[in-house]
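Below you'll find the structure, written out as structure tokens, and then a few comments.
Coordinate-derived values only; no laboratory data. Bear in mind that the values here come from a model prediction, so they are computed numbers and not experimental data. Positions of Cβ are generated from backbone atoms using ideal geometry, with glycine treated the same way; all protein chains shown enter the neighbour counts.
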Amino acid sequence: MNVPDEQYETTETHVERLLGRALNSFDLPDFLVDRLDSALAHASSLHSCVHSGPRHRLTHRHTYLLADGSSLTLWELVHNTGRDARDQHELYADETELRLAASRLPDGFGAWPHPAGLSLDLDTLEVPQDSVAVYGRPAVAPWTCEPDGAADHARRVLRRAENADRPGERTAARLRGAFAYHIRQVFGRQCGPADRYIGFTLYEHAFLLLDGSETSLWEVEHTATPDGRHMCEVYEHERAAREAMEHRARVR
């Protein structure tokens, strides 16, 4: 553990710096950020590292000792795969979300070694500019169940949706009663003309509700936008999500 000392960065400063540089810090659960206020000490370690020429992808594990004697871990993704080749920092509350975020990176940086030999690297498909088809494939990410923060996770998924036909207040109200969730990637592919590849990724966010039923949100992430920026869309049904990908591929 890095015990606060005048010769080193204090844990409070470390937390402030970590949250300040993360592009997605606003997506972290509020209760988690509040718990960090009581951090007494911290330890940081490099978790994985991928280099290809001048570009890289690093992941770090940051563990904090809290005043109540418990510990808390944040996962940081650092990469320079953007257009300006500058380092970008992202923070995640669990390793599952870190792996999913890494899987979105282009040019092979999404590959993630797994003990069972599985990875989340995307297929690459080159097709004529006027004809792009999006097809599914079996999920490669292992299913996991997270018992904490399910309702907050649902809120964050809905909040980042940009499509006008995203789930409404009725769905949001139902998901406030979620007490567990899991995430899996069910599709990932890059396609398009040789001068501009477009990425599509589909995730299922499945939630277990207090009445014992299960419901899912289907999240489409793609770069089929006029300026090539990353866009997130969320749907209540898988069919609607796949139709949205097909539509985006045709009219990009």
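A dipole drawn for the stretch 28-78 from +1 and -1 charges on Cβ atoms has a positive end, and of 56, 28, 38 the residue lying farthest that way is 56. For residue 40, the residues 5 or more places off, or on other chains, whose built amide H falls under 5 Å of its own are 65, 66, 67. Computed 3J(HN,Hα) for the stretch 167-173, one whole-Hz value per residue from the Karplus formula 6.51 cos²θ - 1.76 cosθ + 1.60 where θ = phi - 60°, is x, x, 5, 4, 5, 4, 5, glycine and proline marked x. The local environment of residue 30, defined by Cβ-Cβ distances under 11 Å, has a net charge of 0 under the rule Lys, Arg +1 and Asp, Glu -1. A cut-off of 5 Å between modelled amide H atoms, ignoring neighbours fewer than 5 places along the same chain, links residue 47 with 59, 60, 61. 3J(HN,Hα) along the stretch 13-29: 5, 4, 4, 4, 5, 5, 5, x, 8, 6, 5, 10, 4, 5, 8, 5, x Hz, from the Karplus curve 6.51 cos²θ - 1.76 cosθ + 1.60 with θ = phi - 60°, whole Hz, x for Gly and Pro.
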